[in-house]
Amino acid sequence: MVGVGAGGPFVVRGRSLPDGEPVELWIGADGEFAREPIPGAQVLSTGGWVLPGLVDAHCHVGIRFGGGVEDEAGALAQAVIERDAGVLLLRDAGSPADTRAFDARPDLPRIIRAGRHIALPKRYIRGLPVDLEDESQLPDEVVRQARAGDGWVKLIGDWIDRDAGDLAPLWSDAILVEAIAAAHRVGARVTAHVFGEDALPGLLAAGIDCIEHGTGLTDETIATMAANGTALVPTLVNIENFPGIADSATRFPVYAAHMRDLHARVADTIGAAHDAGVPIYAGTDAGGQVQHGRIADEIAALGKVGLDANEAFAAASWAARAWLGHPSLEPGTSADLIVYADDPRTDPGSARPDLVVLRGAVAMASC
């Protein structure tokens with residue numbers, strides 16, 4: 001058996017999703033998929049189910065489970081957990097931790113960063129966002145975070161307003177138009193944390209590229225997202241925390257009731273978005289209230305809200321990679337793949353890869 005850390009040339013044989021067709025992949029010593037067979041290549045797999053590396057499209061490398069910011073060792077451990085779960089591409093949807101040093105590590109997943117969350121004072125989790133004194137600063141800050149990130153910017157679209165006692169938007173419609181246009185001018189896409197209903201129309205009218213969570217979607221905002229091609233990353237395993245959040249919000253009964261209602265109808269909400277043709281991608285929201293390495297749980301959860309098994313795996317693999325601009329199993333590109341011994345669609349929540357190949361080297365192999 002080829003050991004962890006070994007590099008090619010390799011050959012991987014198996015079956016592919018979604019159709020089960022035979023696949024044969026040659027991996028060169030340069031870490032890329034080869035266009036032609038390679039004489040003498042070591043065989044990594046002769047069966048099983050071969051997928052492009054998985055994607056967690058909403059996670060936070062460097063945010064500690066339970067709160068706070070990880071040190072470098074803690075953030076590194078999170079990245080390793082994701083890799084061993086088969087996640088080879090992460091969209092970090094906001095983190096104050098500096099993980100740029102990880103880019104030089106060929107044994108770690110690639111990270112697409114969105115800079116830091118952008119919020120207003122007392123309108124998000126303390127210590128995580130950049131807090132603006134006034135919303136007029138938003139366009140300039142969006143550009144700043146776009147340049148600090150990897151083509152994405154993350155806004156806090158709504159959060160509890162303690163004076164109102166419920167979820168409320170942070171930004172005016174007019175400033176969102178300016179800010180999102182500013183991001184687009186510098187080549188960045190914009191996404192937003194949104195739990196409730198009221199922030200969505202303004203964000204969508206301003207041309208936002210993605211919505212995170214989306215528990216407050218309505219027929220009208222779903223139709224707008226579908227028409228615009230706006231993506232949705234519902235983070236279903238994090239939405240499981242809504243009842244606990246409500247239980248802790250005893251000072252804000254309206255907010256607590258709202259969170260319980262959003263949780264109770266999430267399957268219908270996300271299912272309606274899927275039925276309308278909204279592009280949906282898998283993200284766990286790992287960091288904070290969700291442990292890293294739970295992509296299998298998110299894939300399973302997507303299957304419970306209307307996505308079939310192939311769609312759920314696509315949302316966490318080849319479709320998500322294409323959306324984020326990373327190819328899948330193509331000659332001349334980085335050899336990032338995973339192999340399941342058994343068809344992972346049989347029980348997505350329990351499926352764990354038996355082989356992980358990252359940048360053409362064996363990153364994880366189970367006996």
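The values are calculated or read from the model by the stated rules, or taken from the named source; none is laboratory data. These figures come from a predicted structure and were not determined experimentally. Ideal geometry is used to build each Cβ from the backbone, glycine not excepted, and the neighbour counts take in all protein chains shown. Accessible surface is based on the protein model in full, side chains and every heavy atom, while ligands, DNA and RNA are left aside. Shrake-Rupley method; radii C 1.70, N 1.55, O 1.52, S 1.80 Å.
Here are the numbers for this structure:
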quantity	calculated
Only one of ASP342, ASP275 that is assigned to a helix (DSSP H, G or I) and more than 25 Å from GLY94 (Cα to Cα)	ASP275
Filter result for the condition that a residue is in contact with a Pro (Cβ under 6 Å, 6 or more places away or on another chain) and within 20 Å of VAL194 (Cα to Cα), over ILE280, ILE299, ILE270	ILE270
Residue in the range 229-236 that is in contact with a helix residue (DSSP H, G or I) (Cβ under 6 Å, 6 or more places away or on another chain), in a strand (DSSP E or B) and either over 30 Å from ARG147 (Cα atoms) or touching a residue at least 24 places away in the same chain (Cβ under 8 Å) (or both) present	yes
Residue tally, condition open to solvent by 10 Å² or more (accessible area, probe 1.4 Å) and part of a helix (DSSP H, G or I), over the range 240-268	17
Positions within the range 168-194 being assigned to a loop (DSSP other than H, G, I, E, B), within 21 Å of ALA93 (Cβ to Cβ) and open to solvent by 10 Å² or more (accessible area, probe 1.4 Å), in sequence order	LEU170, TRP171, VAL186, GLY187
Some residue of the range 143-151 being crowded, with 17+ Cβ neighbours inside 10 Å, of a type outside the set (S, T, N, Q), in a loop (DSSP other than H, G, I, E, B) and in contact (Cβ under 8 Å) with a residue 40 or more places away in the chain	no
Within the range 1-68, strands (runs of 3 or more DSSP E) holding 3 or more residues that are surrounded by 17 or more Cβ atoms within 10 Å (Cβ to Cβ)	10-16, 22-27, 49-52, 54-59
Unique residue being closer than 29 Å to ALA351 by Cα, in contact (Cβ under 8 Å) with a residue 24 or more places away in the chain, small (Gly, Ala, Ser) and assigned to a helix (DSSP H, G or I) when the list is ALA223, ALA296, ALA282	ALA296
Every pair of residues 6+ apart whose Cβ atoms lie under 7 Å, when the first sits in the range 81-99 and is in contact (Cβ under 8 Å) with a residue 40 or more places away in the chain and outside any strand (DSSP E or B) while the second is among the charged types (D, E, K, R) and buried (at least 22 other Cβ atoms within 10 Å of the Cβ)	GLU82/ASP56; ALA93/LYS154; ALA93/GLU212; GLY94/LYS154
Filter pass, ASP103 being in a loop (DSSP other than H, G, I, E, B), at pLDDT 95 or above and either charged (D, E, K, R) or under 20 Å from the mean Cα position of the chain (by Cα) (or both)	no
Residues (at negative phi and open to solvent by 50 Å² or more (accessible area, probe 1.4 Å)) located in the range 315-325	TRP318, ALA322
Per-region count, the range 130-188, residues over 30 Å from THR250 (Cα atoms), touching a strand residue (DSSP E or B) at 6+ places or on another chain (Cβ under 9 Å) and charged (D, E, K, R)	3
ASP336 vs. criteria open to solvent by less than 10 Å² (accessible area, probe 1.4 Å) and acidic (Asp, Glu)	yes
Test: residue in the range 159-167 that is closer than 23 Å to ASP98 by Cβ and either among the polar types (S, T, N, Q) or buried (at least 16 other Cβ atoms within 10 Å of the Cβ) (or both)	no
Hits in the range 11-32 (condition: more than 17 Å from LEU358 (Cα to Cα) and of a type in the set (A, V, I, L, M))	LEU17, VAL23
Condition met for GLU32 (free of Cβ contacts under 8 Å to residues at least 12 places away in the same chain, over 25 Å from PRO129 (Cα atoms) and not basic (Lys, Arg))	no
Candidates ALA351, ALA301, filtered to the one that is within 17 Å of the chain's Cα centre (by Cα) and open to solvent by less than 40 Å² (accessible area, probe 1.4 Å)	ALA301
